[in-house]
1. Of all DSSP beta bridges located in the chain, what percent are antiparallel, nearest 5?
2. Pull up the cross-link candidates among the aspartates and glutamates for Lys372, meaning alpha carbon to alpha carbon under 13 Å and not fewer than 8 places away within one chain.
3. Show the residues, 5+ positions off or on another chain, whose built amide H is closer than 5 Å to the amide H of Leu219.
4. Working from Cα positions, state the angle (0 to 90°, nearest 10) between the long axis of helix 355-366 and the longest principal axis of the chain.
5. Does a label point 7 Å from the Cα of His162, set along Cα-to-beta-carbon, have any residues of region 351-366 with amide nitrogen under 18 Å, and which are they?
6. Would you please classify the overall shape of region 122-369 from the alpha carbon gyration tensor, given that a ≥ b ≥ c denote the square roots of the eigenvalues, rounded means a/c under 1.5, and beyond that prolate means a/b larger than b/c while oblate covers the rest?
7. As a footprinting exposure proxy, order Cys218, Cys410, Cys129 by other Cβ within 10 Å, with the fewest listed first.
8. Which of Ser383, Ser318, Ser45 has the fewest other C-beta atoms within 10 Å, and how do the rest follow up to the most?
Amino acid sequence: RDQLRALVHAGDLRPGDRIPASRELATMLGVHRTTVANAYAELESEGLIQGHVGRGTFIKGNGNGLKITPPAPPVLNGNGGIRWELLFADERGEEILSRLTANIPEDALSFVMARPAEEFFPIDELQTCVNAVLRREGTEVLNLGPSDGYPPLKAVLLEMLHRDGIAAKDENLLITDGCQQSFDLISKAFVRPGDSVIMENPTYPGAVAIFHGARARCLSVPMRTQAEPGTPLGLDLEALEATLAANRVKLILLTPDFQNPTGTSMPLASRRKVLELAGRHQVPVVEDYIYARLHAREERIPSLKQLDRSNLVIHIDSFAKVAFPGLRVGWIVAPAAAIERLRVVKQTTDLHTDQLAQATLAEFLRRGLFGKHLAKMRKVYSSRLAALDEALRKHMPEGTRWTRPEGGMCLWLELPPGFDASELLIHVKERGVLFAPGRYFYVQGPQPNTLRLGFASL
């Protein structure tokens, strides 16, 4: 009965179609004829079928005045369905990143994102590299690859790291799907529920989400965004020292160069102090190096990894902020024992990083195209930063303060006391202007009068 009814509603049996006689169907199904006869009687009372003496039984249709209404689709979110939100393992994974990127009109003047200017993507050069790789390697590059990375890419990255003053070997390098995955792998390899992790405040919300998801205690250390006598820009070192002394800390997460969201860079003396404190307390430091290559001046402060003499620093980087954010390739540089553990964790996550993307980027680097593109983008972003700084000087009210980075992709602005950046966003959005309110970037204690301005993709 139910099967026939379903076939009618689905349209597999149409008005006028003849169905088997009760004796015939009973034989086909291996049931008693009475069972089929009773089912037919019930279906006829519902108006779905009609028997004709001497001719048989037929599906009844609209020609007989019957309108067959298909059953309503199953309710997925009503009282009869599963309440998926009750099954989720963790309620703390807030959709911060999607909130920042949602509903951005194409014609808006958007300062929301810290991402490269897509109008400068070197498409032709990349196409040349893809074609060269496919001609040379064919199907091999489309197969599964080593979990620690495509060997030719690792080789050119090691050369680049050596030029950066980082004496890494193959065993110290793991290719990942970008910095976001690098943070995720580090959290899985090192952090147990309840472990304490030190973060800058404010900081990159994607990292906060990952370590909250790992159920870490995220301890915040303030960022100094304005120069004051005797207090360097960047991480508050006194607060860092106090936090390390008061807690058993598992990791310290830092972005020493053009920190997101403040744009500040840590002075050399501060970097040495961080390493001294980390060594004293035997706490590894995760250095996010993703913005460091976008410097406006030729003189660069050595990275924490370059200064590291105690194998304390886990150094992560990516191509995403220079070019090709959609090609998800990044890397981790760390002691061999840490890399081996991270490699095993990565295997359980995605086996390996896209080998064609790795091979293409290796070719891009090998041909010297990365250096040329990087030099051009430094000039572009420096010009855009200068234009933004000049506009802020002209138009912002008295009492407004903002950082003046010498590179990177964003600056941090503090409105005069009493202003609320979220309220301001409502008003400027009506005029086609968007920015990221500062509250999205705080680990704790958000300041309502703060906001981030991304200038690279204007």
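1. Taking every DSSP beta bridge within the chain, about 60 percent pair in antiparallel fashion.
2. Glu125
3. It is Val197, Ile198, Met199, by chain and number.
4. Orientation of helix 355-366: about 30 degrees from the principal axis.
5. 362-363, 365-366
6. On the way: a/c = 2.10, a/b = 1.57, b/c = 1.34.
It is prolate, given that a/c is not under 1.5 and a/b is the larger ratio.
7. Final ranking by Cβ density, sparse to dense: Cys218, Cys129, Cys410.
8. Working: Ser383 12, Ser318 23, Ser45 9.
With the fewest neighbours first, Ser383, Ser318, Ser45 line up as Ser45, Ser383, Ser318.
Bear in mind that the values in this text are calculations on the coordinates, not laboratory data. Keep in mind the model is a prediction, meaning the values are calculated, not measured. Cβ: placed from backbone, ideal geometry, glycine included. Neighbour counts: every protein chain shown.
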